[in-house]
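Visitor: Before we start, here is the structure in question, set down as structure tokens.
Nothing in this text is a laboratory measurement; each read-out follows from the coordinates by a stated rule. What you are looking at is a predicted structure, and each value in this text was computed from that prediction instead of being measured. Positions of Cβ are backbone-derived with ideal geometry, glycine not excepted, and every protein chain shown enters the neighbour counts.
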Amino acid sequence: MKNKSVVLFVLFTLIVTACGGGEEKKESASSESFKAKVAAKLGLTEFEFENGVGPIKEKLNIPAEIDKKMAAEGLKIFESKCMSCHKLDEKYTGPALRDVTKRRTNEYIMNMILNPEEMTKRHPEARKLLGIHATQMTFQNVTQEDTRKLLEYLRSESK
Amino acid sequence: MKIKIIFALAITVFSSAILYNCSQSNNLGSDDAAKKVYVAPGDKDEFYAFMSGGFSGHVSVYGLPSGRLFKVINVFAQSPETGYGYSEESKGMLQTSLGFIPWDDAHHPELSQTDGVPDGRWLFINANNTPRIARLNLSSFETEEIIEIPNSGGNHGSPFVTENTEYCVASTRFSVPIPNRDVEISSYKENFKGSISFIKVDPKSGKLNLAFQILVPGFNYDLAHAGKGPSKDWCFFTSYNSEQANSLLEINASQNDKDFVAAINWKAAEKFVAEGKGKSMPAEYFSNYFDEEKQQSVSNKKTSVIVLNPKDCPGLIYYLPTPKSPHGVDVDPSGEYIVAGGKLATVIPVHSFSKMIAAIDKKDFIGNIDGIPIIKYESVIAGEVQDPGLGPLHTEFDGKGYAYTSAFISSEIVKWKLGTWEVVDRIPTYYSIGHLMIPGGDSKNPWGKYVIALNKITKDRYLPTGPELTQSAQLIDITGDKMKLLLDFPTIGEPHYAQAIPAEILIKNNKRIYELEKNKNSNAVLSEKNARVERKGKDVHVYMTATRSHFKPDNIEGIKVGDNVYFHITNLEQDWDIPHGFAVKGLRNSELLIMPGQTKTILWKPEQVGIFPFYCSDFCSALHQEMSGYARVSQTSSNVALKFN
């Protein structure tokens with residue numbers, strides 16, 4: 001009797017682990033809860049898994065149209081605080097940023113700028129990039145408002 | 001029977017257990033000390049201690065109770081490690097009327113105070129050799145200002161502050177002709193004078209301004225402390241060599257039975273200055289200030305000073321006879337007792353402030369020197385501590401009614417009770433203690449948990465290091481009736497005096513970076529796209545940025561032998577603890593250490609043709625080794641064009 005329950009338990013664990021292992025191909029009605037499970041395994045909420053870890057904790061209401069004034073202000077900040085590590089079209093100290101707004105959500109980008117150390121520790125994508133570029137991205141003493149402008153600039157450069 | 005044996009056995013086991021525990025607790029002495037100084041990895045110390053670096057000219061920052069060294073703050077001496085005193089921005093800090101003086105002998109750190117209690121804004125320290133006072137910012141832990149003291153032969157009795165940091169004081173250790181001139185040394189009594197300076201501290205910016213000096217007889221003025229509470233309008237200065245000897249002072253300045261503590265009413269001095277009693281006298285001295293936003297030192301040469309003569313200012317200054325060549329002068333937390341360390345005396349004389357005021361009212365004087373009334377000893381003395389150890393020097397207070405005096409010759413700290421003057425405890429120090437320090441121990445509110453002995457000699461205390469040995473600090477627990485030695489640790493230079501303050505007061509204002517938005521340095525490059533090289537005649541300006549893990553530009557050509565190459569480097573990082581270094585092969589100046597958001601400039605005068613690598617000298621990242629570049633130097637006559645990328 002005892003042995004039987006042990007076997008059952010091991011089987012069950014295997015099943016759960018296999019599921020958690022992330023067969024992402026399975027597109028199904030349960031993909032939302034599947035994402036939640038992956039996130040939970042990483043110690044993240046589903047929001048954090050999609051949008052990064054940091055001060056941005058909910059989806060921002062960002063209109064599709066680019067605010068040109070804001071983008072121009074973002075460029076100024078970019079030139080002072082980001083450009084020594086990032087170029088748009090080539091890898092430099094960090095990754096090229098031309099298409100970053102296509103690869104990441106707006107909120108993810110802002111959290112990465114505002115909270116890079118925790119991001120590279122906790123978020124699997126950010127950690128992967130640290131492995132590739134080998135230099136820890138740092139917080140550049142920008143406000144959330146500055147960061148929003150930086151995002152607008154990056155959106156304006158996206159093709 | 002069996003039961004009895006079992007019972008006896010049980011008792012034996014039980015009592016052995018008790019005995020075992022006892023023998024363990026007997027060993028607790030040292031374990032207990034270890035526990036009291038142990039700060040677990042990652043935990044923080046309770047106090048910051050600022051110790052003078054003595055002849056190193058720096059200030060060192062330690063944690064208490066661990067005794068761990070955190071930082072050496074460059075003050076009066078150049079530091080090739082950081083570029084302090086070498087970089088174009090910082091060189092001006094060491095400018096004096098005698099030229100550029102890149103070293104000194106730093107003695108007494110003093111924390112700024114509000115209402116008689118250390119407030120954590122600034123730390124002042126004196127240069128004993130070429131008379132100066134520095135002000136350090138305790139948010140950045142950097143030297144922000146250095147002012148020279150004219151008409152002084154050596155600035156020892158300094159830079160003690162008044163109750164609300166209205167003034168720092170400076171008394172001259174060596175009397176000299178004022179103004180300085182070419183006279184026979186044997187004309188000492190006729191021509192040599194002492195000076196006591198009051199340096200006004202701006203309550204907001206902390207900026208220093210020499211407000212006035214008081215001309216005093218040509219004795220050696222040694223140490224000082226301001227009053228507090230009832231005595232807050234007064235400052236007290238010890239003097240020796242009232243014999244006015246100019247040779248073999250060790251004998252000739254030790255003849256008189258009593259020398260003097262000078263009591264100066266600084267409020268009255270302010271009034272005399274306001275009434276125009278002071279005379280403006282020509283005097284050359286420098287005031288050097290480091291503008292944090294411009295990241296540039298500004299040196300101003302001053303040409304005159306207001307001098308008060310006691311003869312014109314009745315009520316300004318009195319002499320309190322004090323046995324015998326007194327060294328320290330320390331005022332207890334209540335402000336009533338003025339304790340003098342009678343270096344060669346057999347007692348510690350303690351003057352009473354209230355008795356002093358009463359004696360002044362009654363004109364209870366026994367004479368005067370150059371218009372300075374001498375108060376009768378018996379009329380001003382509150383008590384004498386008998387058998388205080390040999391060579392009593394300095395006294396600090398625990399705020400619980402006890403005083404602690406260092407005895408240099410007998411190498412001990414003596415604890416005694418204020419009011420009864422009885423010695424209640426003593427503890428040996430290893431060896432030859434000079435100053436001692438209790439956190440806040442010269443203020444109205446001592447944090448009376450520890451006393452630190454600052455020792456001149458360590459001899460057999462540590463692993464030997466050839467003829468030159470370290471000095472030391474010893475941490476002693478003063479929370480119980482008996483003082484208990486907890487720890488000793490080596491120090492930077494000779495730690496004359498020290499000050500300590502609860503860490504929490506400083507941590508909350510600690511600066512982490514220099515914000516790029518506030519960087520107004522005229523040579524700063526605030527974006528990598530503006531990094532460039534420009535030639536102006538023989539001067540080549542390299543406007544360079546540094547981030548992990550590259551310099552921009554990192555290839556420079558077109559430099560010629562005989563050029564003055566100015567590397568203006570801005571660290572564009574904006575996160576805590578990411579400094580970059582800058583080092584060029586063969587640079588006969590220094591390397592640089594540049595904090596996040598800072599701009600520093602170093603001058604390179606290449607003398608040989610060739611390729612000269614440069615690199616980051618402070619390990620900054622995984623790709624730190626890659627953070628490097630090349631400068632090409634060509635013949636003076638060559639026409640290699642200026643080129644960079």
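Visitor: Under 8 Å for C-alpha pairs, at least 6 residues apart: give me the relative contact order for the range B:518-644, rounded to a whole percent. If you can, show how the numbers build up before the last one.
Guide: Values: 327 pairs, mean separation 37.1, N = 127.
Relative contact order comes out at 29 percent.
Visitor: For a Förster distance of 35 Å, can you work out the FRET efficiency between the beta-carbons of B:Ser247 and B:Glu81, rounded to the nearest 0.05?
Guide: Details: r = 41 Å, r/R0 = 1.18.
Computed FRET efficiency for B:Ser247 and B:Glu81 comes out at 0.25.
Visitor: Viscosity 0.890 mPa s, temperature 25 °C: Stokes-Einstein D of the range B:475-575 from its Kirkwood Cα radius, in µm² per second?
Guide: On the way: Rh = 18.6 Å.
It diffuses with D of about 132 µm²/s by this estimate.
Visitor: Obtain the nm distance between the two label points defined at B:Arg68 and B:Asn191 by a simple spin-label model: each point lies 7 Å from its Cα along the Cα-to-C-beta direction.
Guide: 5.6 nm
Visitor: Measure off 7 Å from each Cα along the Cα-to-Cβ vector at B:Lys520 and A:Ala36, then give the distance between these two points in nanometres to one decimal.
Guide: A separation of 5.6 nm, rounded to one decimal place.
Visitor: Peptide A:133-140: average number of partner chain Cβ atoms within 10 Å per residue? Could the numbers behind the result be given before it?
Guide: Values: counts 2, 6, 8, 5, 2, 10, 5, 8.
Mean number of neighbouring Cβ atoms from other chains: 6.
Visitor: Right, here's the next one. Just list whichever of B:Lys207/B:Lys518; A:Lys59/A:Lys87; A:Lys68/A:Lys102; B:Lys71/B:Lys400; A:Lys87/A:Lys159 have alpha carbons separated by over 23 Å in the model shown. If you can, show how the numbers build up before the last one.
Guide: Values: B:Lys207/B:Lys518 20 Å; A:Lys59/A:Lys87 27 Å; A:Lys68/A:Lys102 19 Å; B:Lys71/B:Lys400 32 Å; A:Lys87/A:Lys159 15 Å.
Distance filter (> 23 Å) returns A:Lys59/A:Lys87; B:Lys71/B:Lys400.
Visitor: A further question follows. So what are the radius of gyration and Dmax for the Cα set of the range B:424-483, in Å?
Guide: According to the Cα coordinates of the range B:424-483, Rg and Dmax are 13.5, 43 Å.
Visitor: Using the 10 angstrom Cβ neighbour count as an exposure proxy, how do A:Phe34, B:Phe76 rank, fewest first?
Guide: Details: A:Phe34 18, B:Phe76 28.
By the 10 Å Cβ count, ascending, the order reads A:Phe34, B:Phe76.
Visitor: A follow-up question, please. Would you mind giving the average projected area, over all directions, of the Cα convex hull of the range B:518-644 in nm² with one decimal?
Guide: Working: hull surface 29.1 nm².
It is 7.3 nm².
Visitor: If eta is 1.002 mPa s and T is 20 °C, what Stokes-Einstein diffusion coefficient results for the range A:68-157, Kirkwood Rh from Cα pairs, in µm²/s?
Guide: Values: Rh = 13.0 Å.
Rounded to a whole number, D works out at 164 µm²/s.
Visitor: Among B:517-525, B:211-219, how do they line up by average Cβ neighbours within 10 Å per residue, starting with the highest?
Guide: On the way: B:517-525: 17.1, B:211-219: 23.6.
In descending order of packing, they fall as B:211-219, B:517-525.
Visitor: Something else about it: What is the projected area of the convex hull of the Cα atoms of chain B, averaged over all directions, in nm²? Walk me through the numbers on the way to the answer.
Guide: On the way: hull surface 152.9 nm².
Here the figure is 38.2 nm², rounded to one decimal.
Visitor: Which entries in A:Lys41/B:Lys44; A:Lys121/B:Lys600; B:Lys459/B:Lys484 show an alpha-carbon gap greater than 26 Å? Display every interim value, and only then the final one.
Guide: Details: A:Lys41/B:Lys44 34 Å; A:Lys121/B:Lys600 33 Å; B:Lys459/B:Lys484 21 Å.
Cα-Cα > 26 Å for A:Lys41/B:Lys44; A:Lys121/B:Lys600; rest within.
Visitor: For the ranges B:41-51, A:61-71, B:593-603, what's the packing order if you count other beta-carbon atoms within 10 Å of each residue, average per peptide, and put the highest first?
Guide: Numbers: B:41-51: 17.6, A:61-71: 11.4, B:593-603: 23.4.
The densest-packed peptide leads the list: B:593-603, B:41-51, A:61-71.
Visitor: How far apart, in nm, are the 7 Å Cα→Cβ label points at B:Ala358 and B:Val640?
Guide: A separation of 8.5 nm, rounded to one decimal place.
Visitor: Now for a different question. For the range B:67-86, list residues with backbone N below 14 Å from a point placed 7 Å from the Cα of B:Trp103 toward its Cβ?
Guide: Flagged as within label range: B:76-80.
Visitor: Still on this structure, I have one more. Take peptide B:571-577, look around each residue's Cβ out to 10 angstrom, count Cβ atoms belonging to other protein chains, and average those counts.
Guide: What the average comes to for B:571-577 is 5.
Visitor: Would you mind giving the mean number of other chain beta-carbons within 10 Å of the Cβ of each residue in A:70-82, as a whole number? Before the final figure, lay out the partial values.
Guide: Numbers: counts 0, 0, 0, 0, 0, 0, 2, 3, 1, 5, 11, 8, 4.
Mean partner shielding for this stretch: 3.
Visitor: State the antiparallel share, in %, of DSSP beta bridges confined to the range B:518-644, rounding to the nearest 5. Could the numbers behind the result be given before it?
Guide: Values: 27 of 39 bridges.
The antiparallel fraction comes to roughly 70 percent.
Visitor: Further, regarding this structure: Convex hull volume of the Cα atoms in the range B:110-231, per residue, in Å³?
Guide: Details: hull volume 11.6 nm³, N = 122.
Hull volume over Cα atoms, normalised by residue count, gives 95 Å³.
Visitor: Now a separate question. Checking the cross-link filter: which aspartates and glutamates have an alpha carbon closer than 13 Å to that of B:Lys605, excluding same-chain neighbours under 8 positions apart?
Guide: Straight-line reach from B:Lys605, under 13 Å: B:Asp539, B:Asp563.
Visitor: If the cut-off is a Cα-Cα distance under 22 Å, which lysines reach B:Lys343, setting aside same-chain residues fewer than 8 apart in sequence?
Guide: Answer for B:Lys343, where 22 Å is the Cα cut-off: B:Lys258, B:Lys324, B:Lys376, B:Lys415, B:Lys417, B:Lys456, listed by chain and number.
Visitor: Going by average Cβ density within 10 Å per residue, which order do the peptides B:129-137, B:282-290, A:149-157 take, highest to lowest? Before the final figure, lay out the partial values.
Guide: Values: B:129-137: 24.4, B:282-290: 19.6, A:149-157: 21.9.
The densest-packed peptide leads the list: B:129-137, A:149-157, B:282-290.
Visitor: Moving on to the next point. Considering the convex hull of the alpha carbon atoms of the protein assembly as shown, report its projected area averaged over all viewing directions, in nm², one decimal. List each step's numbers first, then the result.
Guide: Details: hull surface 217.1 nm².
For the Cα atoms of the protein assembly as shown, the hull's average projected area reads 54.3 nm².
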